[in-house]
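Let me begin by presenting the structure, written as structure tokens, before commenting on it.
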Amino acid sequence: MVKRESIISFMNYNYTPFSIKQCLIRIVLVWVLSALCCIGEFSWLIIYIIIFFDIAISAVFGTLMIKFSSKKISRYLCDGLFCLYVSIILNQAAYRVLTLLVDVNWSLSLIFLALLILCVCTFLILVFYNIKCNKYNIQSSAKKSFLFSFVGSGCGLLFAKLFLQDISNNNAILLVSILLLLLSFITSIGSLNLLKVFLLKYINKTIAYH
């Protein structure tokens, strides 16, 4: 049985208040990353779907900024939705980069998404185990570790050409695809903030019940 105190410790772990400025930056990043992912040959149906989700996420973030900026749940929703969507974009970007190397079937895109889902489920199991063991009762000293991972991976992609001049173009394309796939896995960790949304509702419900 998981104790309520352990759940609260998990929700408060490295918690920072909701930031309107950060939310605005994330809206811009969502659109920019989506646009970059759509470069090249792309089905108009897929593009419309991406635009739909960009608009939907922007609308959710706008609502959080206007009506719920002081609520704790806004922090969790903003982090969770942003990380989940960016991880999906990076995941599919890895597939599209790979298509530059070989003529792969669209089913590989589904395989990449399946790997991402498996990764999230693995992290979810680890989180529940850590909650049960009450491992979130001490704040981490590396609150910006996720940010550093994201920035570091991005810089690695930007400057890869400088350090990998001796490898063939095919190997470079394959390496970039693998890095994007790994980065999507890393980014998906932040999507577990969506779990905090449900746990917060659960905690509030139990408090109201008592």
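The values are calculated or read from the model by the stated rules, or taken from the named source; none is laboratory data. Predicted, not measured: the structure shown is a model, and the values here were computed from it. No Cβ is skipped: glycine too gets one built from the backbone with ideal geometry, and neighbour counts run over all protein chains shown. Note: accessible area is taken over every heavy atom of the protein model, side chains too, but ligands, DNA and RNA are not part of it. Shrake-Rupley method; radii C 1.70, N 1.55, O 1.52, S 1.80 Å.
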Count - residues of the stretch 1-53 that are of a type in the set (Ser, Thr, Tyr), farther than 18 Å from Ser74 by Cβ and in contact with a Phe, Trp or Tyr (Cβ under 9 Å, 6 or more places away or on another chain): 3
Considering only the stretch 60-108, how many residues are crowded, with 16+ Cβ neighbours inside 10 Å, within 25 Å of Cys119 (Cα to Cα) and of a type in the set (Phe, Trp, Tyr)? 4
So how many residues does the stretch 1-34 have that are under 17 Å from the mean Cα position of the chain (by Cα) and farther than 30 Å from Ile131 by Cα? 10
Does Phe123 satisfy the criteria of being farther than 26 Å from Tyr136 by Cα, of a type outside the set (A, V, I, L, M) and in contact (Cβ under 8 Å) with a residue 60 or more places away in the chain? no
Looking for whichever is touching a helix residue (DSSP H, G or I) at 6+ places or on another chain (Cβ under 8 Å) and either free of Cβ contacts under 8 Å to residues at least 40 places away in the same chain or more than 25 Å from Leu174 (Cα to Cα) (or both) here; the options are Asp103, Asp79. Which one fits? Asp79
Of the residues Ser153, Ser184, Ser177, Ser168, which is at pLDDT 50 or above, over 20 Å from Val86 (Cβ atoms) and open to solvent by less than 60 Å² (accessible area, probe 1.4 Å)? Ser168
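The rows are residues; the columns are (1) over 30 Å from Lys3 (Cβ atoms); (2) over 15 Å from the mean Cα position of the chain (by Cα).
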| residue | (1), (2) |
| --- | --- |
| Cys37 | yes, yes |
| Ile50 | yes, yes |
| Asp54 | yes, no |
| Leu84 | no, no |
| Leu113 | yes, no |
| Phe128 | no, yes |
If the requirement is being at pLDDT below 85 and either assigned to a helix (DSSP H, G or I) or open to solvent by 80 Å² or more (accessible area, probe 1.4 Å) (or both), which of these qualifies: Asn130, Asn204? Asn204
